[in-house]
Each structure stands twice: as structure tokens, then as C-alpha cells.
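S.K.: Structure in C-alpha cells, see below.
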Amino acid sequence: MWVVSENSRPSPPWGTAPAPREVQECWNRCNKWKCKNDPTHADLIRMLREAGAPECRPEQVEGLCGVIAGYVGARVRAAREGAAASSKGSREREPYERIAAACAELRRVIPLELETLKYDIYRYSDDEVPGYEREIFRLTVLLKASTIPEQICRFWDEDVDVKKYDRQAVRIIFFSYEMIYGQSGISRNGPAVRFIEAAIKRIGWHPVSPGAIEQLLRRSLSGRAPAATIS
């Protein structure tokens, strides 16, 4: 996705054919988790059909489901955090933020405690030493664990606006659409633009006109050759 979105001529690296099997398998792995508000495969196929896009199989919309679900979740979190900030005066931290803060506290406090324990251990009897050794070992393990970097890239963050659509989201949704159908036209009356219009509503942002979506995409894809497909 990053390669496609950052390319100066954004189009699927596999041309006009649907995404290859390895891409579909990657989407399947990335989207095993589901939330109750996430669009289903059936939802996406219905939206594509209503937009006038060609028929496709459920497994082909896996990535598109994940992209839209990500923005749905990000917008819901932003709305919840905004409401919490209004009522409490501060934003409630996400679990991953609290974990990061806890790890930072461990890294700050444990070295001092280890220094104290290693100094005190010589002041106690042989019967008491094993307990101190076990505590030194425990804290050493915790300190090491607190330095392990986070393993997840979080693309959906608190910067998502609650009401106004994200311009980058429009591009990514379009690129995900092209991963199904190949290079696509961007006419305001075409299925790609009409689908993006429906996706923006599904995410929960204020409606955007097809003309505005078309102009945004045309500016983004100004260096690309005309589409060879009708999708």
C-alpha cells in the first residue's frame, strides 16, 4: 500500500489485472480481526455494485474492507476522545499509549532500584541473600522487556478528523479500489468516484460531492496515462 500511495504514478504494480494471490493472502492475514462497526465483504460488494463497478468475488475486497474499517475505527476513536476531552478536560489515553508510558516508567525506576538492591545485598545474612537475588533477577528481566520496541505500525491515529474527510484517505481508498480492478477512470460519474463518495459516507464523514473527489484525484494523478479500463 505504501509503495502504491507514495509512487509519483500511483497504479497497481500488477497493471490492469486484479491483485495477485499473495496480496489477497496478505489482506486475509491483516484483517482477521473484526469490529462490530466494520463493513463486511457483503457490504463492500453491495457498495461497489451500487456505484456501477464490475462484479467481483468476496475475497477480492478483503483489502478494501480493511482500509475502510481502519478509517471507521479511527473516526470513532477520535469522536470518543473528543467527547472525553470535553467532559474531563483531557483526552483518555489509548491502551498502547499507557503501555508505552508504563515501559518508560520501568526504564526510569528499575536501574535505581537495582543499584540499591545490589548495594544492600551485602548487608544481610546468607539466608536473606537468595530473596534479594531473585528480586534483582526479576527486575532485570522487566527492564529488558521494557526496551522491546512496539511491533505494530499504527496507521490510524488521533489525527483523523471527526467530521471532515481525509484527503489522503480518498487516495488510499482509490488505490485499494484499483488493486481490485486495475487502473481506473476518475470521472465524477464513474464507478470509482461514486464508490469513494459512498465510502466517505460509510466512514461517517460529512458527504463530499463527486466533483470534489474527481478534482482531488486528478491533481494527485496528473502524471498518469489515461485509464485503459472502464472501471
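The values are calculated or read from the model by the stated rules, or taken from the named source; none is laboratory data. Predicted model only: the values in this text are computed from it and were never measured. Note that each Cβ is placed from the backbone with ideal geometry, even for glycine, and that neighbours are counted across all protein chains shown. The protein model used for the area step is the full one, side chains on, heavy atoms only, and it has no ligands, DNA or RNA in it. Shrake-Rupley method; radii C 1.70, N 1.55, O 1.52, S 1.80 Å.
S.K.: For residues that are open to solvent by 100 Å² or more (accessible area, probe 1.4 Å) and not in a helix (DSSP H, G or I), scanning just the range 103-144, find the one that is modelled with the highest pLDDT.
M.R.: Asp127
S.K.: Restricting the first residue to the range 93-110 and requiring it to be within 12 Å of Leu139 (Cα to Cα), which pairs with a second residue that is open to solvent by 60 Å² or more (accessible area, probe 1.4 Å) and assigned to a helix (DSSP H, G or I) meet a Cβ separation below 7 Å and a spacing of at least six or different chains?
M.R.: The qualifying pairs are Leu106/Leu142; Ile110/Leu142.
S.K.: Criterion first (farther than 26 Å from Leu221 by Cα, assigned to a helix (DSSP H, G or I) and either open to solvent by 30 Å² or more (accessible area, probe 1.4 Å) or among the hydrophobic types (A, V, I, L, M, F, W, C) (or both)) does Arg194 satisfy it?
M.R.: So Arg194 fails the test.
One line per residue, one yes/no per condition, for (1) at negative phi; (2) under 19 Å from the mean Cα position of the chain (by Cα); (3) open to solvent by 60 Å² or more (accessible area, probe 1.4 Å):
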residue: His41; (1), (2), (3): yes, yes, no
residue: Arg46; (1), (2), (3): yes, no, yes
residue: Gly52; (1), (2), (3): no, no, no
residue: Glu59; (1), (2), (3): yes, no, yes
residue: Arg75; (1), (2), (3): yes, yes, no
